[in-house]
Amino acid sequence: QVQLVESGGGLVQPGGSLRLSCAASGRIFSIPTLAWYRQAPGKERELVARITSGGSTNYADSVKGRFTISRDNNKNTVYLQMNSLEPEDTAVYYCNAHAFSYSTGNAANYWGQGTQVTVSS
């Protein structure tokens with residue numbers, strides 16, 4: 001169907017930056033929506049940012065002005081540029097794609113394996 005692979009996570013000091021990448025592969029017809037979610041210890045998974053194929057974006061209030069989501073439709077890749085990182089941003093970040101696959105002929109949500117982002121001194 002559709003496979004998602006994230007990369008770019010790691011350890012960074014407060015105020016630092018990271019860029020996450022997520023590449024989609026498989027028998028893809030289209031990906032109307034790509035998004036990043038995160039789950040911090042003891043918390044529920046939350047939406048961080050999302051972007052449509054047309055470039056429309058939405059951000060969680062906690063990351064507005066600091067994070068930027070973008071996508072390369074030719075590469076089926078979504079990015080999350082994270083600046084001014086705070087300890088509260090520490091979480092596992094997951095890539096999500098709402099996609100149409102030739103394999104199923106239907107739309108479905110697909111998830112990456114997650115990548116750890118740790119913001120600490």
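The values are calculated or read from the model by the stated rules, or taken from the named source; none is laboratory data. Here the structure is a predicted model, which is why all the values come from computation and not from measurement. Ideal geometry is used to build each Cβ from the backbone, glycine not excepted, and the neighbour counts take in all protein chains shown. Note: accessible area is taken over every heavy atom of the protein model, side chains too, but ligands, DNA and RNA are not part of it. Shrake-Rupley method; radii C 1.70, N 1.55, O 1.52, S 1.80 Å.
Observations on the model:
- Every condition in (1) over 10 Å from the mean Cα position of the chain (by Cα); (2) surrounded by 14 or more Cβ atoms within 10 Å (Cβ to Cβ); (3) in contact (Cβ under 8 Å) with a residue 40 or more places away in the chain is met by PHE67 except one, and the failing one is (3).
- Some residue of segment 14-27 being exposed (fewer than 14 other Cβ atoms within 10 Å of the Cβ), more than 20 Å from MET82 (Cα to Cα) and of a type in the set (Gly, Ala, Ser): yes
- Taken residue by residue, segment 38-57 has at least one member that is within 16 Å of ASN96 (Cα to Cα), surrounded by 12 or more Cβ atoms within 10 Å (Cβ to Cβ), touching an Asp or Glu at 6+ places or on another chain (Cβ under 8 Å) and in contact (Cβ under 8 Å) with a residue 12 or more places away in the chain.
This table checks each residue for (1) outside any strand (DSSP E or B); (2) closer than 22 Å to LEU11 by Cβ.
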{"site": "ILE31", "(1), (2)": "no, no"}
{"site": "TYR37", "(1), (2)": "no, yes"}
{"site": "GLY42", "(1), (2)": "yes, yes"}
{"site": "VAL48", "(1), (2)": "no, yes"}
{"site": "GLY54", "(1), (2)": "yes, no"}
{"site": "ASP61", "(1), (2)": "yes, no"}
{"site": "ARG71", "(1), (2)": "no, no"}
{"site": "ASN74", "(1), (2)": "yes, no"}
{"site": "TYR79", "(1), (2)": "no, yes"}
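- Against the test of being surrounded by 20 or more Cβ atoms within 10 Å (Cβ to Cβ), in a loop (DSSP other than H, G, I, E, B) and of a type in the set (A, V, I, L, M), the options LEU4, LEU85 yield a single qualifying residue, LEU85.
- In segment 88-121, residue nearest to the chain's Cα centre (by Cα) [restricted to those that are aromatic (Phe, Trp, Tyr) and open to solvent by 10 Å² or more (accessible area, probe 1.4 Å)]: TYR94
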